[in-house]
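Just so it is clear, none of the values below were taken in a lab; they were calculated from the coordinates. Given the structure is predicted, the values throughout are model-derived calculations rather than measurements. No Cβ is skipped: glycine too gets one built from the backbone with ideal geometry, and neighbour counts run over all protein chains shown.
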Amino acid sequence: MCGIVGAIAERDVTPILLEGLRRLEYRGYDSAGLAVLDSKHHLQRARKPGKVAMLEQALSASPIHGTVGIAHTRWATHGEPTESNAHPHICNQTVAVVHNGIIENHDTLREQQRAKGYTFTSDTDTETIVHEIYENHINKGLDLLAAVQATVKGLHGAYALGVISKQDPQRLITARMGSPLVIGVGIGEYFIASDVAALLPVTRRFIFLEEGDVADLTRQSLRIFDRTGKQVEREIKESELSADAVELGQYRHYMQKEIFEQPRAIADTLEGRIVNDQVIEQSFGHQASEIFEQIKEVRIIACGTSYHAGLIASYWFESLADIPCRVEVASEFRYRQPHLRKNTLVVTISQSGETADTLAALKEAKASGNVHSLAVCNVAESSLTRESDLILLTRAGPEIGVASTKGFTTQLTALLLLVLVLGRRHGISAKREKELVHHLEQVAAKVEKVLEMDESIRLLSEQFGDKEHALFLGRGTMYPVAMEGALKLKEISYIHAEAYPAGELKHGPLALVDSEMPIIAVAPNNELLEKLKSNLQEVRARGGKLFVFADGEAGFKSEVDVTVLDVESINDVIAPIIFSIPLQLLSYHVAVIKGTDVDKPRNLAKAVTVE
Ligand code: AGP
């Protein structure tokens, strides 16, 4: 999704803006641009379709410098990824704007503005904002701050904005509603960005703007106004992230790095949350005990990989904790007038905490008035954590690769902690909790061991380079694991992949099976093993090529058309975490063979902050 960086300083801000854009590349984008006010207070702008590197090339050919500036990476929504649609957008060579989000009433604004004779140079919704600020407000006598405040009152939808003007050259104005925005606090300088990662080389002190805030930044001062226009104080928070937390280091891709970071990420997610073989309830927030006491059922809402984590957790909630649990895709939940019973715990799961559908679904759920909310999230200061009663942070560290890996396994780890604390009130005995905690504490070491399969999976992946389709099969919790495996393969290798519960094969998908169709099965050694084996026989009988990731004790043997990879033998409850790892490695290596852009697959963005 789009990214914003801005700066106001005594020094030249162009290098800061460019470095910030590079650090936001992981979010996914298709054009980039920046605008600065130069020493004569003229607006200078450069924009390019394609990568930030293209913008850098253009800037080395014709450099621009200034002490106030804004920059943007654009992920096309309204209008193609062309130079004229790239941000910043400028009105009358005077005001420049960068914008994340979607303005829903842009058609109306555009009609009104056309009627007044304003001309448009792009197809974007953003251009209506810059016209509104300059033509409708500054031209009528308002200063830059007042013009932005007046403009945002008329915007419907989501926005994070950075605005500069040659008439007010010592100011940078920013505003947010529905899209994230942080202010970086320097010494005699301020910065803005849609993500702290962009600013880590210049500051570690951040202010997280709240919904409806507008901020007025000069080099020496910062004023924040809330949605009513009242001046407010917002706390400065110190980020624990270091600038190199987002460096690639020895790895070829972020996804690869993040797969190998999983043992540490899982251990960090458990750290300090278990004492004397019991999960500490307060890890979820100070109101946790009071809220958990009332909970009778759980509703999980999420998108993509986070949704798959929710599906696995639903098996755990019902089988281990005896708590009714339903899981829904956020984009469906938000529009279907769902019925939520009193004493439901609405659990949202999101790596980024900024996914528009998940946020909107949470608002819907809260509007029903009956529910308590808990967010399982990887970003402490995200919109989702701010909107939730209780929070359990996954401690995966920044996830840069668009394909979520450590985000997923740390979500599963966190969700199992939740199952245990809620389950305590619904029949999980202290003895059973101790047993499960013991298994959880072994997960990091087991993941470390499974990562040793890397080379054998790399070799296996060579058989997938020319495939166009793949089928993933699993039963029980391994069905959502298979769904996650299929999602990983399709998003980064562009191979069409589907997942089915193995028992569903003969109800349709078996018709697809022939010698060209690779079938990947996940087979832990559990009570469904014999059933799965019969399903796999159905595949073999139709000439399908099987690739089985099996518990070493499950009794599978490699033979003609059957390749078996032994996975560390493991307790069934934590098996979904362990079996996800080889599937991540498989999709990673297949993508490398296919030569795709592993970390930034086509058409996708890291955080889907628009609907
Ligand atoms: C994961 O590989 C995907 N890129 C995507 O499905 C992602 O999980 C989804 O967009 C939800 O993101 P979130 O966890 O940040 O809410």
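Before moving on, here are some points about what is shown:
- DSSP bridge orientation in the chain - percent antiparallel, rounded to nearest 5: 60 percent
- Gyration tensor verdict on segment 65-124 (Cα atoms; rounded if a/c is under 1.5, prolate if a/b is larger than b/c, oblate otherwise): oblate
- Pairs of alpha carbons in segment 408-543 separated by more than 24 Å make up 43% of all such pairs.
- Alpha carbon centroid spacing (whole Å) that separates segment 503-554 from segment 144-190: 55 Å
- Calculated FRET efficiency for the pair Glu468/Tyr335, C-beta based, R₀ 45 Å, to 0.05: 0.85
- Compactness index (Cα Rg / 2.2 N^0.38 Å), segment 324-378: 1.04
- Percentage relative contact order, segment 154-239, counting C-alpha pairs under 8 Å, at least six apart: 25 percent
- Taken along its three principal axes, the alpha carbon spread of segment 506-611 comes to 44, 34, 29 Å, from the longest extent down to the shortest.
- Calculated [222 nm] ellipticity per residue, helices only, for the chain: -10000 deg cm²/dmol; basis is -39500 (n - 2.57) per DSSP H run with n ≥ 4, divided by all residues, nearest 500.
- Using all pairs of distinct alpha-carbon atoms, the Kirkwood hydrodynamic radius of segment 331-458 works out to 16.5 angstrom.
- Segment 259-324: equivalent-ellipsoid semi-axes (sqrt of 5 x gyration tensor eigenvalues, Cα, Å): 22, 20, 12
- Cβ crowding within 10 Å, taken as a proxy for footprinting-reagent exposure, orders His372, His507 from fewest neighbours to most as His507, His372.
- Neighbour cut-off at most 13 other Cβ (10 Å), DSSP loop, trypsin sites (Lys or Arg not before Pro), segment 516-611: Lys557, Arg602
- Projected area, mean over directions - segment 291-336, Cα convex hull, nm²: 3.5 nm²
- Cut-off 12 Å between beta-carbons: net charge of the residues surrounding Gly304, Lys and Arg +1, Asp and Glu -1: 0
- Remark on segment 499-553: ratio of C-alpha radius of gyration to 2.2 N^0.38 Å is 1.07.
- Distances between every pair of Cα atoms in segment 6-101, grouped in 5 Å steps from 0 to the bin holding the largest one, split as 3, 15, 27, 27, 19, 8, 2, 0 percent.
- Note on the chain: Rg/Rh from C-alpha atoms, Kirkwood Rh, equals 1.00.
- Taken over segment 82-229, the convex hull of the Cα atoms encloses 108 Å³ per residue.
- When DSSP beta bridges are restricted to pairs lying wholly in segment 120-209, around 90% turn out antiparallel.
- The calculated FRET efficiency for Lys230 paired with Asp597, based on their beta-carbon distance and R0 = 35 Å, is about 0.15.
- For segment 1-49 and segment 77-141, distance of Cα centres in Å: 19 Å
- Global form of segment 391-472, assessed from the alpha-carbon gyration tensor, a/c cut-off 1.5: prolate
- The chain - percent relative contact order, Cα under 8 Å, separation 6 or more: 12 percent
- Here the Karplus relation 6.51 cos²θ - 1.76 cosθ + 1.60, evaluated at θ = phi - 60°, turns the backbone of segment 492-503 into coupling constants of 10, 10, 6, 7, 5, 9, 10, 10, 9, x, 4, x Hz, with x for every Gly and Pro.
- Over all orientations, segment 221-271 has a Cα convex hull whose mean projected area works out to 6.7 square nanometres.
- Ranked from largest, the principal axis spans of the Cα set of segment 178-333 equal 58, 48, 38 Å.
- If the convex hull is drawn through the Cα atoms of segment 360-399, its volume per residue in Å³: 62 Å³
- Global geometry of segment 443-520, whether rounded, prolate or oblate, following the gyration tensor of its Cα atoms and the 1.5 cut on a/c: oblate
- Antiparallel DSSP beta bridges within segment 481-580, percent to nearest 5: 10 percent
- Alpha carbon centroid spacing (whole Å) that separates segment 454-472 from segment 299-318: 27 Å
- Dimensionless Rg/Rh of segment 132-200 - Kirkwood Rh, Rg from C-alpha atoms: 1.00
- Relative contact order, whole percent, for segment 333-480 stands at 15, derived from Cα pairs under 8 Å and 6 or more residues apart.
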